[in-house]
């Protein structure tokens, strides 16, 4: 799977298309569309609060479950920076969800167009090299079976 942000389509070379959110007209529709994201942001900020030292002393680091390990990560320096970004993003979403979705949509469209042009450029080069190889060896026709 690709690890690019905002991308949910699998990619072999870490390049993948972004999902384009639909256009919304009202604030409530926008909040419904962003419901999963807001739940994730709330979960992370709530999980970062509180102490984890007692569980580590009792069980040891190796025997912690994934939730406790994630909570321990949120207590680290990178985790605190992530929580700060989560809180900021949550405020932006609640302040103007329509603007947030429109920016997300424009970013996804630009990213997808850029990726399509990269693929077209690559396919043109591939097509030219294949044609040169076919003419070198004197092939007249190429038949590819689809396996049906």
Burial order of peptide ranges 31-43, 113-125 (average beta-carbon count within 10 Å, highest first): 31-43, 113-125
What residues from segment 41-57 fall in the zone where the backbone N is under 15 Å from a label point 7 Å along the Cα-to-C-beta line of residue 80? 48-52
Kindly list the residues of segment 28-63 that lie in the label zone of residue 87, defined by a backbone N under 11 Å from the point 7 Å along the Cα-to-C-beta vector. 45-46, 49
Determine Rg/Rh for segment 27-137; Rg is computed over alpha-carbon atoms and Rh is the Kirkwood hydrodynamic estimate from the same atoms. 1.28
Förster radius 35 Å - calculated FRET efficiency between residue 113 and residue 72 (Cβ-Cβ, nearest 0.05): 0.30
Space enclosed by the convex hull of the alpha-carbon atoms of segment 31-92, per residue, Å³: 79 Å³
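Only the coordinates and a few stated rules stand behind these numbers; no lab work does. Model, not experiment: these values are computed from the prediction. Methodologically, a virtual Cβ is constructed for each residue, glycine included, from the backbone with ideal geometry; neighbour enumeration extends over all protein chains shown.
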